[in-house]
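None of the figures in this text is laboratory data; all of them are computed from the coordinates on show. On a predicted model such as this, the values are computed, not experimentally measured, just so you know.
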Amino acid sequence: RGLKVGVLKHHAHPVPFDVPGKDTYRMSQAGADVVVGACSVQTAVFVAGDASADLDEVICTYLQKMDVVITEGYKRGSYPKIEVHRAVRAAEDGAAATVLRDPDELIAVVTDEPLALPPSIPRFGLDSFAAVADMITGLVNSHERAAA
């Protein structure tokens, strides 16, 4: 679809991504402020610090050149949200067949069960990847036209 997409995964556990025993971890522990691991298929950048609370700063610092930034795990904040709701997960958590977020925050819901939602919120099945991508592309394109 021609968009540059960045993905930001919130890691809620108080342990680093980089693990003991790896050279990159030892370099960080030795005092390096930034450690980059690079190979022929991937580059990983490890920066010390707590960026978990400031989503805007992380986006501005690392993802500013992206057309779309998809986050996972950042439930609070003013950004539009697509909630993924799985019936089996809701049942495990003892939750009712409802979304977790305020419907006013949602631009869509991806689910495998009927939910009581306002008709203005689009719903997609769990396998509707192309339809969700089409919706996001449409939103980005309409935003770009409005900004021009």
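Only helices enter the 222 nm calculation for the chain: every DSSP H run of n ≥ 4 contributes -39,500 (n - 2.57), and dividing by all residues gives -8000 deg cm²/dmol, rounded to 500.
Counting only DSSP beta bridges with both residues in the chain, the antiparallel share comes to about 30 percent. This structure gives Cα Rg over 2.2 N^0.38 Å, computed directly, and of [x] 1.06; [y] 1.27; [z] 2.68 that value is listed as [y]. In angstrom, the C-alpha Rg and Dmax of segment 1-69 are 13.7, 43. For K65, a cut-off of 28 angstrom between C-alpha atoms picks up these lysines, skipping any fewer than 8 places away in its own chain: K4, K9, K75, K81. Residue separation of D33 and Y62 scaled by 0.36 nm, minus their Cα-Cα distance, works out to 8.9 nm of gained length.
So how tilted is helix 129-147 from the main axis of the chain? Cα-based, degrees 0 to 90, rounded to 10. With rounding to tens, the tilt is 80 degrees.
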